[in-house]
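Following: one structure in structure tokens, then a few remarks.
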Amino acid sequence: MEQRTVVRCAEGHVFSTATFPMQNLLEGRLGPGRLIRCPQCGRLRSSVPADPAQLSGAQLARALRLEAVESLA
């Protein structure tokens, strides 16, 4: 099965994505956020990895069912 990353968008929606690459700009990191289309609201949102330990079992299961449509990394 494919590795999925659970992320939270700027609106607070929790979902999963197949890839969540960290990007570099020369020597420094651009930060943890990525622009991803949220499957709940359909808008491009800045998203960061969610801490699975802070999610309930139901939230985690729902996040793994909701997959990001596209990623602009």
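No lab work stands behind these numbers, since they all come straight from the coordinates. These figures come from a predicted structure and were not determined experimentally. Glycine gets a Cβ as well: all are built from the backbone with ideal geometry, and neighbour counts include every protein chain shown.
Order of T19, T5 from fewest to most other C-beta atoms within 10 Å?
Ranked by crowding around the Cβ, least crowded first: T19, T5.
In whole Hz, what ³J(HN,Hα) sequence does region 52-66 give by Karplus (6.51, -1.76, 1.60; θ = phi - 60°), x for Gly and Pro?
Along region 52-66, the couplings run x, 5, 9, 9, 6, x, 5, 5, 5, 4, 5, 4, 6, 7, 8 Hz.
Work through the residues other than Q54 whose Cβ is under 15 Å from its Cβ and net out their charges, Lys, Arg +1 and Asp, Glu -1.
Net of charged neighbours comes to +1.
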